[in-house]
Amino acid sequence: MSNEGEGYDQVISNLKRVRDELALKAHLGKAEAKDEWARLELEWKSVQGKLKEAQGVAGDTAKSMGTALELAAKELKTGYERFRGLL
C-alpha cells in the first residue's frame, strides 16, 4: 500500500474512533443531537464508499478521488466537532 493509502487509513481510523465515541453519547443525547447524528451517519457511509472507490482506481483518477476523499473527511470531522458541541 502506498504512503498516500496509509494516510487515508489513518484518517479513517481517527474518524472511526471519534464516531464510535460520539455514537455512544448520541444514544444518550437529546433530539437535536440525534437528528445531527443521523445526518453525519449518511456522510460517514459516503466517505467509506469514496475510500473504497479510491482504493480501486489508478493514476490521475486516484488522485482526484483522494482529493474528494480528503474534502469529505474534513467535512465529516467538522460535523463531528459540531456534534460534540451539541452534547
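The values are calculated or read from the model by the stated rules, or taken from the named source; none is laboratory data. Predicted, not measured: the structure shown is a model, and the values here were computed from it. Cβ coordinates were reconstructed from backbone atoms using ideal geometry, including for glycine residues, and neighbour counts include every protein chain displayed. The accessibility values were calculated without ligands, DNA or RNA, using every heavy atom of the protein model including side chains. Shrake-Rupley method; radii C 1.70, N 1.55, O 1.52, S 1.80 Å.
Annotations for the structure displayed:
- Candidates in the range 21-33 are the residues that are more than 17 Å from the chain's Cα centre (by Cα) and assigned to a helix (DSSP H, G or I); of these, the one that is surrounded by the most Cβ atoms within 10 Å (Cβ to Cβ) is A33.
- Scope the range 40-57; condition open to solvent by 80 Å² or more (accessible area, probe 1.4 Å) and either modelled with pLDDT under 75 or over 13 Å from I12 (Cα atoms) (or both); matching residues: L42, E53, Q55
- Listed by first and then second residue, the pairs with beta-carbon distance under 8 Å, at least 6 apart or on different chains, first residue in the range 12-28 and free of Cβ contacts under 8 Å to residues at least 60 places away in the same chain, second open to solvent by less than 80 Å² (accessible area, probe 1.4 Å) and of a type outside the set (V, I, T), are A23/W37.
- Residue check for A38: assigned to a helix (DSSP H, G or I), farther than 12 Å from A72 by Cα and touching a residue at least 12 places away in the same chain (Cβ under 8 Å): no
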